[in-house]
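Enquirer: Before I ask anything, here is the structure I am working with.
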There are 2 protein chains.
Amino acid sequence: MTTAPRRLHLALHPYGVGGPGQHGLWKDPRVAKNASIDIGYYIRQAQAAEHALFDALFIVDSQFINATYPAHYLNRLEPLTLLSAVATHTSRVGLVGTASSTYNSPFNLARRFASLDHISGGRAGWNVVTSFDTGTAGNFGLDEHLDYATRYGRAREFVEVARGLWDSYEDDAFPADVERGVFLDPTKLHALDHEGEHFKVAGPLNLSRSPQGQPVIFQAGVSEEGRDLAARVAEGIYAPGGTLAQAQEYYADIKRRTAAHGRDPEHIKVFIHGSPVVAATDEAARRREREIHEEDKDLGRSLGLLGRSFGAHDFTRYDLDAPFPDVAHLAEKGGRTTATKIIERARTENLTLRQVAEGLNAYKEGPFTGAPETVADALQHWFEAGTLDGVNLAFRTEEELNLFVDGVVPLLQKRGLFRTAYEADTLRGHLGLPVPENRHTAARA
Amino acid sequence: MTTAPRRLHLALHPYGVGGPGQHGLWKDPRVAKNASIDIGYYIRQAQAAEHALFDALFIVDSQFINATYPAHYLNRLEPLTLLSAVATHTSRVGLVGTASSTYNSPFNLARRFASLDHISGGRAGWNVVTSFDTGTAGNFGLDEHLDYATRYGRAREFVEVARGLWDSYEDDAFPADVERGVFLDPTKLHALDHEGEHFKVAGPLNLSRSPQGQPVIFQAGVSEEGRDLAARVAEGIYAPGGTLAQAQEYYADIKRRTAAHGRDPEHIKVFIHGSPVVAATDEAARRREREIHEEDKDLGRSLGLLGRSFGAHDFTRYDLDAPFPDVAHLAEKGGRTTATKIIERARTENLTLRQVAEGLNAYKEGPFTGAPETVADALQHWFEAGTLDGVNLAFRTEEELNLFVDGVVPLLQKRGLFRTAYEADTLRGHLGLPVPENRHTAARA
């Protein structure tokens with residue numbers, strides 16, 4: 001038996017009318033103003049991803065907005081409702097949806113992901129988030145956002161409970177034997193009777209085991225608690241990226257932590273974000289990249305985005321040209337890791353609020369910008385340098401997605417870095433992840 | 001202006017492999033054993049309903065099972081995930097899904113129904129249930145099922161909050177005006193800031209107003225609390241039915257209560273359940289009806305179903321031929337109205353447990369069994385006798401659905417009782433319900 005070559009994984013992360021660094025995207029005449037609520041747009045994106053042999057479509061989410069957020073935050077479909085509609089218009093591409101472990105109940109959410117796994121024939125993935133936006137708490141009856149330790153403890157237990165519920169029925173629980181008159185074999189239906197710190201869930205789930213055994217668990221841990229959670233339970237990660245050196249550190253750390261928990265480090269796939277800009281020449285690609293930057297300048301939106309890391313704090317109340325205000329006490333309420341980095345940079349570089357806000361959306365040369373050959377080289381370099389197993393790709397327009405698919409993907413295939421045909425029908429199969437055996441069947445053996 | 005003639009509404013209520021009175025359906029060789037989790041089955045049912053010009057597909061639900069429940073309870077897709085997949089394979093038929101107000105949070109559920117309304121182009125309906133199965137509590141961390149008053153109080157406030165969230169954006173909140181650089185008009189985005197007895201929800205929803213303004217609210221109130229809730233908030237009811245006289249009483253009571261709340265009684269549509277059995281002759285239809293009854297006899301399942309009305313009580317522990325046991329104290333834990341009726345009947349008729357269980361699945365001549373002309377006559381009679389505005393139709397097989405659609409529907413059309421073409425694109429349109437004006441737009445006027 002020869003070992004299959006390690007291959008790059010690619011997912012598509014559609015934004016609709018504009019992600020965090022795409023403030024001006026809605027102004028692009030090629031982008032429909034209602035893209036983020038147009039199911040036809042998402043079906044086309046999923047079909048394009050499948051045509052390109054990508055591993056998955058990846059839908060992010062938030063359950064809180066305010067009027068200064070970028071366009072796609074303001075108005076978007078709930079991810080599982082979206083992905084279910086997409087499922088029956090595709091047959092191979094994985095379907096990963098974001099859902100909060102802080103603001104859902106395990107029984108309902110486990111059932112919805114298992115339903116998606118059935119509907120899609122084994123392509124469901126759950127990106128577990130603990131909800132970074134503080135304001136979300138206010139939409140769920142809480143005065144205060146739960147603290148980090150509670151959110152991550154809850155997330156870990158939530159995944160455990162969901163996996164327990166997904167094993168309610170053994171794979172052969174329904175003989176449906178007309179002659180013997182037996183539809184269900186009741187010995188293969190198992191209650192969960194979970195009682196933990198955060199949840200008490202009796203079970204069983206009222207849904208048979210899904211084609212993947214269990215939907216694939218993604219996570220996006222940056223903090224200490226987040227990395228630990230990922231290493232314990234995740235099978236995929238939406239990693240923070242950063243510089244090549246930062247990505248190497250994160251990648252090695254996650255693989256090490258995963259092994260330390262007795263897990264095979266190959267069974268956790270690290271994805272970083274990528275926004276490739278592809279053109280006929282490197283110069284044309286850099287020109288387009290700068291043009292995009294000009295389109296996206298929007299100080300108001302940058303202040304809104306900045307506020308997001310500090311619990312939806314309103315930064316418009318400060319003097320833009322005074323030193324960055326003292327908001328350290330708000331870091332715990334928002335995205336602590338990001339907020340802390342911002343504060344440190346503002347202090348060491350002595351920045352004003354305007355400089356910090358503009359910096360969030362400053363022009364940076366992206367690593368995956370250039371002619372197809374250049375972009376393929378860069379992806380190969382990052383891949384071989386141990387920074388990633390896969391890339392979550394975001395494009396501004398369907399045309400720019402096509403430039404990548406038609407130009408870069410064939411080069412990756414020629415180099416043996418990317419599949420030339422789907423070799424599996426399920427998301428687990430695409431990612432090389434094992435199908436977990438049902439715990440009750442295993443206990444019986 | 002002439003008044004449109006009052007017309008019958010028809011919805012399709014698919015069971016998959018067997019509903020409460022269809023224990024043996026899974027044995028029918030024409031029914032796929034996995035129908036209740038096969039999205040292809042539901043898509044075909046929805047397309048058949050749309051081909052027949054029905055108002056809606058109606059998906060019921062429960063979040064609790066035990067091994068004695070009928071087949072479709074054991075294993076079924078979550079309704080909204082199911083309906084979203086169905087939505088893009090149909091264009092006119094309404095899509096009504098059941099969801100519990102006891103075991104969901106308003107922000108999540110309002111968002112999911114609004115997403116379905118966007119995805120379907122204005123065809124979403126929400127059947128609000130308070131979760132009759134006591135065992136459901138155990139799947140959501142509660143030791144005891146909430147009592148009637150709490151469940152119904154919560155349901156009423158839940159619908160209020162959902163409607164408030166659905167009005168977060170005024171219809172023209174997104175000018176997306178490139179020249180002025182204005183994507184969102186922030187004066188048309190409204191927080192809710194709801195603080196009530198059961199919920200505290202800040203809002204706004206991160207989803208623009210959906211095509212129907214607000215998804216259509218269905219309810220299924222039988223008890224005093226249920227009828228009151230329906231009369232206050234429902235636009236459709238899945239009524240208990242019963243005898244013609246009982247249905248008349250219920251219909252008149254609901255319309256009277258609705259008017260008493262200052263609402264137009266035409267704006268609440270009462271549906272009863274119907275399981276038509278259609279054949280070439282009345283005799284053949286009655287023969288088929290009896291044959292179905294024989295197929296469905298299953299004492300174990302009947303005991304399970306009986307248990308459902310008493311908080312998933314295990315009735316197999318009693319002597320089947322002794323008098324019906326004293327379980328009055330369990331009525332409050334289950335479906336109080338049904339449980340009380342069962343106890344009263346057992347006492348007055350001096351029944352054993354076996355007689356009660358068999359009685360739940362006893363042979364009864366259905367009102368809508370016969371040759372097409374007979375069934376059309378019966379529907380017309382019930383409709384004109386003031387028992388219903390519509391019927392939720394359940395069929396055992398796709399063939400039996402077709403017998404109704406090809407035989408009975410044309411007769412109803414000839415008599416002017418049913419539409420000959422869709423006259424609207426939305427569920428509200430089919431049901432003759434007004435589109436609610438956004439509350440903030442109204443306040444501005």
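Enquirer: Please go through region A:310-357 and give me each residue that is within 19 Å of residue A:142 (Cα to Cα), in contact with a Gly (Cβ under 8 Å, 6 or more places away or on another chain) and assigned to a loop (DSSP other than H, G, I, E, B), ordered by number.
Expert: Step one: filter region A:310-357 for residues within 19 Å of residue A:142 (Cα to Cα), giving A:310-313, A:330-335.
Filter again for in contact with a Gly (Cβ under 8 Å, 6 or more places away or on another chain), leaving A:310-313, A:330, A:333-334.
The answer is A:310, A:311, A:312, A:313, A:334.
Enquirer: So which residues in region A:112-128 are within 12 Å of chain B (Cβ to nearest Cβ), crowded, with 24+ Cβ neighbours inside 10 Å and either part of a strand (DSSP E or B) or not β-branched (Val, Ile, Thr) (or both), if there are any at all?
Expert: From region A:112-128, those within 12 Å of chain B (Cβ to nearest Cβ) are A:112-121, A:124; that's our starting set.
Now restrict to residues that are crowded, with 24+ Cβ neighbours inside 10 Å: A:112-120, A:124.
Within region A:112-128, A:112, A:113, A:114, A:115, A:116, A:117, A:118, A:120, A:124 meet the criteria.
Enquirer: Scan region B:8-20 and tell me whether some residue there is part of a helix (DSSP H, G or I) and among the aliphatic types (A, V, I, L, M).
Expert: No, every residue in region B:8-20 fails to be part of a helix (DSSP H, G or I) and among the aliphatic types (A, V, I, L, M).
Enquirer: Moving on. Would you check if there is a residue in region B:228-240 being over 27 Å from residue B:12 (Cβ atoms) and not polar (S, T, N, Q)?
Expert: yes
Enquirer: Turning to a different aspect of this structure: So, in region A:51-67, how many residues would count as being crowded, with 21+ Cβ neighbours inside 10 Å and either within 8 Å of chain B (Cβ to nearest Cβ) or assigned to a helix (DSSP H, G or I) (or both)? Before the answer, list the steps.
Expert: Restricting attention to region A:51-67, the residues satisfying the condition of being crowded, with 21+ Cβ neighbours inside 10 Å are A:54-60, A:63-65.
Narrowing the set further to residues that are either within 8 Å of chain B (Cβ to nearest Cβ) or assigned to a helix (DSSP H, G or I) (or both) leaves A:63-65.
Qualifying residue count for the region: 3.
Enquirer: Regarding residue B:15, is this residue more than 30 Å from residue B:165 (Cα to Cα), touching a His at 6+ places or on another chain (Cβ under 8 Å) and of a type in the set (Phe, Trp, Tyr)? Before you say what the answer is, go through the steps one by one.
Expert: Numbers: more than 30 Å from residue B:165 (Cα to Cα): yes; touching a His at 6+ places or on another chain (Cβ under 8 Å): yes; of a type in the set (Phe, Trp, Tyr): yes.
So residue B:15 passes the test.
Enquirer: For region A:295-309, name all the residues that are in a loop (DSSP other than H, G, I, E, B) and acidic (Asp, Glu).
Expert: Of the residues in region A:295-309, the ones in a loop (DSSP other than H, G, I, E, B) are A:297-298, A:309.
Once the filter is applied, which keeps residues that are in a loop (DSSP other than H, G, I, E, B) and acidic (Asp, Glu), region A:295-309 yields only A:298.
Enquirer: Just give me the residues in region A:226-249 being surrounded by fewer than 23 Cβ atoms within 10 Å (Cβ to Cβ) and out of contact with any Lys or Arg (no Cβ under 8 Å at 6 or more places or on another chain), in sequence order.
Expert: A:240, A:241, A:242, A:243, A:244, A:245, A:246, A:247, A:248, A:249
Enquirer: Now for a separate question. Search region A:71-109 for residues being more than 9 Å from chain B (Cβ to nearest Cβ) and in a loop (DSSP other than H, G, I, E, B), and hand back the single one that is nearest to residue A:312 (Cα to Cα).
Expert: A:102
Enquirer: When you scan region A:210-241, how many residues do you find that are assigned to a loop (DSSP other than H, G, I, E, B) and either closer than 24 Å to residue A:262 by Cβ or hydrophobic (A, V, I, L, M, F, W, C) (or both)?
Expert: Going residue by residue through region A:210-241, those that are assigned to a loop (DSSP other than H, G, I, E, B) are A:211-212, A:214-215, A:220-223, A:234-235, A:240-241.
Now narrow it down to the ones that are either closer than 24 Å to residue A:262 by Cβ or hydrophobic (A, V, I, L, M, F, W, C) (or both): A:212, A:214-215, A:220-223, A:234-235.
Residues in region A:210-241 being assigned to a loop (DSSP other than H, G, I, E, B) and either closer than 24 Å to residue A:262 by Cβ or hydrophobic (A, V, I, L, M, F, W, C) (or both): 9 in total.
Enquirer: Go through (1) under 30 Å from residue B:7 (Cα atoms); (2) β-branched (Val, Ile, Thr); (3) facing another protein chain (nearest Cβ under 7 Å) one by one and return the number of the condition residue B:39 breaks.
Expert: Evaluating residue B:39 over (1) under 30 Å from residue B:7 (Cα atoms); (2) β-branched (Val, Ile, Thr); (3) facing another protein chain (nearest Cβ under 7 Å) leaves (1) as the failure.
Enquirer: Oh, and also: Would you check which residues across region A:266-294 are within 19 Å of the chain's Cα centre (by Cα) and in a helix (DSSP H, G or I) and list them? Reasoning before the result, please.
Expert: Narrowing region A:266-294 to residues within 19 Å of the chain's Cα centre (by Cα): A:266-276.
Those that are within 19 Å of the chain's Cα centre (by Cα) and in a helix (DSSP H, G or I): A:266, A:267.
Enquirer: Taking the conditions exactly as written (of a type outside the set (Gly, Ala, Ser), surrounded by 23 or more Cβ atoms within 10 Å (Cβ to Cβ) and touching an Asp or Glu at 6+ places or on another chain (Cβ under 8 Å)), does residue A:215 satisfy them or not?
Expert: Values: of a type outside the set (Gly, Ala, Ser): yes; surrounded by 23 or more Cβ atoms within 10 Å (Cβ to Cβ): yes; touching an Asp or Glu at 6+ places or on another chain (Cβ under 8 Å): yes.
Yes.
Enquirer: Looking only at region B:139-158, which residues are within 14 Å of chain A (Cβ to nearest Cβ) and buried (at least 21 other Cβ atoms within 10 Å of the Cβ)? Outline the logic, then answer.
Expert: At the first step, the residues of region B:139-158 found to be within 14 Å of chain A (Cβ to nearest Cβ) are B:139-145, B:154, B:157-158.
Within region B:139-158, B:139, B:140, B:145, B:158 qualify.
Enquirer: OK, next. Just one of A:174, A:199 is under 22 Å from residue B:61 (Cα atoms), at the interface with chain B (Cβ under 9 Å from one of its Cβ atoms) and among the hydrophobic types (A, V, I, L, M, F, W, C); which is it? Steps first, please.
Expert: On the way: A:199 fails: under 22 Å from residue B:61 (Cα atoms).
Selected residue: A:174, the only one of A:174, A:199 that is under 22 Å from residue B:61 (Cα atoms), at the interface with chain B (Cβ under 9 Å from one of its Cβ atoms) and among the hydrophobic types (A, V, I, L, M, F, W, C).
Enquirer: Also: For residue A:11, indicate whether it is within 12 Å of chain B (Cβ to nearest Cβ) and closer than 22 Å to residue A:90 by Cα.
Expert: Working: within 12 Å of chain B (Cβ to nearest Cβ): no; closer than 22 Å to residue A:90 by Cα: yes.
Against the criterion (within 12 Å of chain B (Cβ to nearest Cβ) and closer than 22 Å to residue A:90 by Cα), residue A:11 does not qualify.
Enquirer: Okay, moving on. Given the structure, is residue A:91 surrounded by fewer than 24 Cβ atoms within 10 Å (Cβ to Cβ), among the polar types (S, T, N, Q) and within 15 Å of residue A:57 (Cβ to Cβ)?
Expert: Working: surrounded by fewer than 24 Cβ atoms within 10 Å (Cβ to Cβ): yes; among the polar types (S, T, N, Q): yes; within 15 Å of residue A:57 (Cβ to Cβ): yes.
For residue A:91, the condition - surrounded by fewer than 24 Cβ atoms within 10 Å (Cβ to Cβ), among the polar types (S, T, N, Q) and within 15 Å of residue A:57 (Cβ to Cβ) - is met.
Computed from the coordinates by the stated procedures, all read-outs in this text should not be read as laboratory data. Please read these numbers as outputs of a predicted model, since none were measured by experiment. Note that each Cβ is placed from the backbone with ideal geometry, even for glycine, and that neighbours are counted across all protein chains shown.
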